[in-house]
Amino acid sequence: MFSWTCPYCGHVQTVTDNKYSVDRADVSVESKNYPSLAVQISAIGCANQECDQVQITATVGRYSAPASGGSYAFRDPISIHQLRPESQAKPQPKYIPRPIVTDYEEACRIRDLSPKASATLARRCLQGMIRDFCGIAKSRLVDEINTLRDSATGGTAPQGVSIDSIDAIDGLRKIGNIGAHMEKDIDVIVDVDPNEAQALIELIESLFEEWYVARDKRQRRFARVAEVATQKNEAKTPKPDKGGETEAIERSEAG
């Protein structure tokens, strides 16, 4: 048994034997570079009945021959492929605009295949968030970020927008520009590796949490307090007269 978070519903759970499967298929191809090659398929089923999805991962690598009385040991992964779901994108709440979430999911999906394109999508996702959450829309992203910085310095930025997050946003813009704009010297190739693309994705996830999720939680808390206040106020308000009961009580108290 082990702890696992479902990539579909975000439900944290303990995986039991009946929800976990690992199988290996040997690859019978003579190769000096890849001796004892195999493909391992692992599957985990979500215990949340409302979700009931299955995560499937394929790992290509080498395996060790069994010792006496032992079993084959899978080792030295060469590549890991996420089959279901296609990426490590985290499920996002419905109150985040769908076009922004779609850009985020696509950035996650192509992170390893094309980190540069992933960075470009992260940049686009960021611009959508600034326009939607912060209400700032200009022709260039750099101008939107500068305006956001001015509002944060002046204390007029939306709650959750901090100077350090704006610095990180500007860094994402610069990295995203590598994929969005060609260098003046076309022979100069500035690359983005998967780890750098992942850092940009994690920044987007942090902003989802600090901006949209935090705002929703705050609004829910405030609405709950307002609801309780209304209920208490209604409880103090005298109820309408029913069959002269109030009048009889008043005469009784007067006597």
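Each peptide among 133-142, 226-235 gets the average number of other Cβ atoms lying within 10 Å of its residues, and from highest to lowest they stand as 133-142, 226-235. Backbone geometry of region 114-122 corresponds, through the Karplus equation with coefficients 6.51, -1.76 and 1.60 at θ = phi - 60°, to 3J(HN,Hα) couplings of 8, x, 5, 5, 4, 5, 5, 5, 5 Hz, x marking Gly and Pro.
Pairs of Cα atoms in region 120-166 fall into 5 Å distance bins, from 0 up to the last occupied one, in shares of 5, 23, 35, 26, 9, 2 percent.
Cross-link pairs exceeding 28 Å in C-alpha to C-alpha distance, out of K90/K217; K174/K217; K19/K116, comprise K174/K217; K19/K116. Evaluated at q = 0.12, 0.18 Å⁻¹, the base-10 log of the normalised Debye intensity for region 4-148, with identical point scatterers placed on the Cα atoms, takes the values -0.71, -1.09. Annotation: per residue accessible area for region 87-139 equals 51 Å², rounded to a whole number [probe 1.4 Å, protein chains only]. Length available on full extension from H81 to I163: 0.36 nm per residue minus the Cα-Cα distance, which gives 25.8 nm. Quantify, in whole percent, the carbon and sulfur part of the accessible surface of region 1-142 (1.4 Å probe; protein heavy atoms only). Taking all protein chains in place, region 1-142 shows 49 percent carbon and sulfur surface. Solvent exposure of E106, expressed as accessible area, is near 70 Å², computed with a probe of 1.4 Å over the protein chains only.
The values are calculated or read from the model by the stated rules, or taken from the named source; none is laboratory data. Since this is a predicted model, take the numbers as computed values, not measurements. Heads up, the Cβs are rebuilt from the backbone with ideal geometry, glycines too, and the neighbour counts pull from every protein chain shown. Ligands, DNA and RNA are excluded from the accessible area calculation, which covers all protein heavy atoms including side chains. Shrake-Rupley method; radii C 1.70, N 1.55, O 1.52, S 1.80 Å.
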